Each structure stands twice: as structure tokens, then as C-alpha cells.
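Inspection log for the structure reproduced underneath, given as C-alpha cells.
The values are calculated or read from the model by the stated rules, or taken from the named source; none is laboratory data. Just so you know, these numbers come straight off a predicted model, no measurement behind them. Reconstructed Cβ throughout: ideal geometry from the backbone, glycine too, with neighbour counts over all protein chains shown. Surface accessibility is based on the protein's heavy atoms, side chains included, excluding ligands, DNA and RNA. Shrake-Rupley method; radii C 1.70, N 1.55, O 1.52, S 1.80 Å.
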Amino acid sequence: MAQSKTAVIRSDLDIVIARTMARDAAKALGFGAIDQARIATAVSELARNIFLYAGTGTVTVKEVEKNTRKGIEIVCEDQGPGITNIDLVMQDGYSTSRGMGMGLPGAKRLMDDFSIRSQEGVGTTITCRKWRT
Amino acid sequence: MDSLRIPILKIGDILIASIQVALHDASAVQFKDDLLQKIHDTRARGVIIDLTALDVVDSFIGRLIADIAAMAGLMGTRVVLTGLQPAVAITLVELGLELPRVLTALNLEKGLSMMQRLTEENGDGAV
Ligand SMILES: Nc1ncnc2c1ncn2[C@@H]1O[C@H](COP(=O)(O)OP(=O)(O)OP(=O)(O)O)[C@@H](O)[C@H]1O
Ligand SMILES: [Mg+2]
């Protein structure tokens, strides 16, 4: 997997497409079944957040390398309303949509690295990585 | 796009639904509505949902299953999940989702015998 792959999120069908793309990429990079499920589930959560809170956005997956360690990087980007208080949304159970407030903290637990950049009125970019063991 | 319907079979007083395709949100919600309606119409005493073919259960599907179990419980119907893949079970727990009201069995066959035991123990179908 030399090149990155991108899925555009516009509908709930695209959530399935994005997580399938991430799973296929993880598999191609040699991740085992459990890590594939972790990565696909994290992407499902982040893609659904794009759909719910920003309407549209993109999910991009690519291979990364750090000190000979290989991994997968997922970037979820939208030009939605942004997140004002990142500490707050990372708490288990915090939701503005009567969800379980589990998507963001759960995705963080499922991945190895997880970071949010967001600006009110500009959009949100979430970058996460999983390293191969 | 029309949401595809998941077939729900009735055997005796037990309903069986096997989810064979990746569920998008609309078809998952449709499934919940169909299943609850069918529980009501048939007065089924138990429901088995087979998830063998699902390779992702995220918070949306997880909550939907928890909702189905809670609502079925109110109607006196037990819910057993079968065929949860190990990777899916691990991911659910790490995600932070426990399904406390939901019983699970390894496969459909074990699910059926579990259901038989449950509905016999509970002659009146109460939870
Ligand atoms: N891309 C985004 N843009 C703007 N706000 C967001 C975005 N993603 C998440 N949020 C905000 O963060 C909150 C928490 O998100 P999280 O995914 O953890 O929970 P949820 O979506 O509310 O519920 P769940 O994911 O459990 O169904 C959301 O309710 C929303 O207010
Ligand atoms: Mg969410």
C-alpha cells in the first residue's frame, strides 16, 4: 500500500465504505484480525461523527513508518462546526446528540496515537495511528 | 437508497434473525423496528440474533442491540446474541460497550438450546 486512499463521507452508506477501506488497508499492511476490527471500528465512529456533526468530510488511510516500525494512519477531516472543548468531548458519556458519548474516547482506546485539531467554525481534523506489533 | 430488510424467521415461539451483510445505519434502524413489530405480532418468547457475518459492531449497532434487548424485555421476550466473532467481542469491550442485558451464545445451535432452557424455566415468559 504505497498510496493513500480516501473515502468521502456524505451518507451513512459512506461510513460502511470508509471502514471497509480501512480494514482492507490494515489487512494489506499485515495487521491481525483483532487489530483490523479495532481499526475498522475506530473509523466507523469517526466517520459517523463527520456525517452527524459536519455533514460531509473525508477519511484518508495511509501507511506510516517510524524507526522501522510500520503502521497505519487515519486522518478524518471536515469543515463542520468544530469542537470547542476537546477535553469535554473526550470524556466517556459526553454527547450533544443523545448518543452514548462513546465514539471519540472509544476510538482513542482502540488506536495507539490519537490527536484532535479543531477550530470553531472552521472544522475538525482527527489523526490517529495504529502500529504493527 | 432503500434499506435492505433482514429476514426474521419464526420457529415455534422463537424468532431468529441472521444478519448477513454489513449494516448501514438506516438498515439497522429498519431491522430494530421490524423485529420489535414482529415480537409484538407473534408474542414470541425469545429472539435470537445471529451476528456471525458481522465484522464490525460499533457504538451505533451496539446501542441498537442494547435497545432491542431492553424493549424486548419489556414485552417479556428474551434476547440471545450468537456468533459474535472474538475480534468483535474484544473491540466492543475496548470501545467501552458492555451489553449487560444481553445473553450470548457461541453459535446458533447453542443459542437455540439456551433459549429453550430460558423459556422453559420461565413458564410465564417474564424476565
Ligand atoms: N467531527 C466533529 N465535529 C464537531 N463536533 C464533533 C465531531 N465529532 C464529535 N463531535 C462532538 O463530540 C461529541 C462526542 O462525540 P462522540 O463520538 O464521543 O459521542 P457521540 O457521537 O455523541 O455518541 P456515540 O458516538 O457514542 O454515538 C459529540 O456529541 C459532538 O458534540
Ligand atoms: Mg460519535
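What is the distance, in nm, between label points placed 7 Å from the Cα along the Cα-to-Cβ direction at B:LEU4 and at B:GLU94?
Between B:LEU4 and B:GLU94, the simple spin-label model gives 2.8 nm.
Using label points projected 7 Å from each Cα along Cα→Cβ, tell me how many nm separate B:MET75 and B:ARG63, to one decimal.
2.2 nm
At 10 °C and a viscosity of 1.306 mPa s, what translational diffusion coefficient does Stokes-Einstein give for segment A:59-98, taking Rh as the Kirkwood radius over Cα pairs? Give it in µm²/s as a whole number. Show your work: numbers first, answer last.
Values: Rh = 13.1 Å.
The estimated diffusion coefficient comes to 121 µm²/s.
Would you please state the base-10 log of I(q)/I(0) at q = 0.17, 0.20 1/Å for chain B, with intensities from the Debye formula using one equal scatterer on every alpha carbon?
Scattering profile of chain B, log10 relative to I(0): -0.84, -1.18.
For A:SER11 and A:ASN67, what is the calculated FRET efficiency with R₀ set at 30 Å and r taken between the beta-carbons, to the nearest 0.05?
Values: r = 40 Å, r/R0 = 1.32.
Plugging the Cβ-Cβ distance into 1/(1 + (r/R0)^6) gives 0.15.
Suppose we keep just the DSSP beta bridges with both residues in segment B:1-69; what percent of those would be antiparallel, to 5?
On the way: 4 of 9 bridges.
Looking only at bridges with both residues in segment B:1-69, the antiparallel portion is about 45 percent.
Using a 10 Å cut-off on Cβ to Cβ distances, tally the other chain neighbours for every residue of B:21-32 and report the average as a whole number. Working shown, then result.
Details: counts 1, 7, 2, 7, 8, 3, 3, 1, 1, 0, 0, 0.
The per-residue average across the peptide is 3.
As a test of the definition: with a 1.4 Å probe, what buried accessible area, both sides summed, do you compute for A against B, in Å² to the nearest 100?
Values: alone 7510 and 7190 Å², together 12770 Å².
That pair of chains buries around 1900 Å² in total.
Using the Karplus curve 6.51 cos²θ - 1.76 cosθ + 1.60 with θ = phi - 60°, work out ³J(HN,Hα) for each residue of segment B:42-47 in order, rounded to whole Hz, and write x for Gly and Pro.
Couplings: 9, 6, 4, 8, x, 10 Hz.
Which whole number gives the average count of other chain Cβ atoms within 10 Å of the Cβ atoms across peptide B:91-100? Display every interim value, and only then the final one.
Details: counts 12, 3, 1, 8, 13, 10, 4, 0, 0, 0.
Rounded to a whole number, the mean comes out at 5.
Please give the average number of partner chain Cβ atoms lying within 10 Å of the Cβ of each residue in A:96-102, rounded to a whole number.
On the way: counts 0, 0, 0, 3, 8, 2, 8.
That average works out to 3.
If you take every DSSP beta bridge fully contained in chain B, what fraction is antiparallel? Give it as a percent rounded to 5.
Values: 4 of 17 bridges.
Counting DSSP beta bridges with both partners in chain B, the antiparallel share is about 25 percent.
What is the spin-label model distance, in nm, from A:GLN119 to B:VAL29 if the labels are put 7 Å beyond Cα along the C-beta direction?
Label at A:GLN119, label at B:VAL29, 3.4 nm between them.
Quick check on the protein assembly as shown: of the DSSP beta bridges with both residues there, what percent are antiparallel, nearest 5%? Please report the intermediate quantities before stating the final value.
Details: 34 of 47 bridges.
Roughly 70 percent of the beta bridges in the protein assembly as shown run antiparallel, per DSSP.
Please list the radius of gyration and Dmax for chain A, considering alpha-carbon atoms only, with Å as the unit.
Computed over the Cα atoms of chain A, radius of gyration and Dmax are 14.0, 43 Å.
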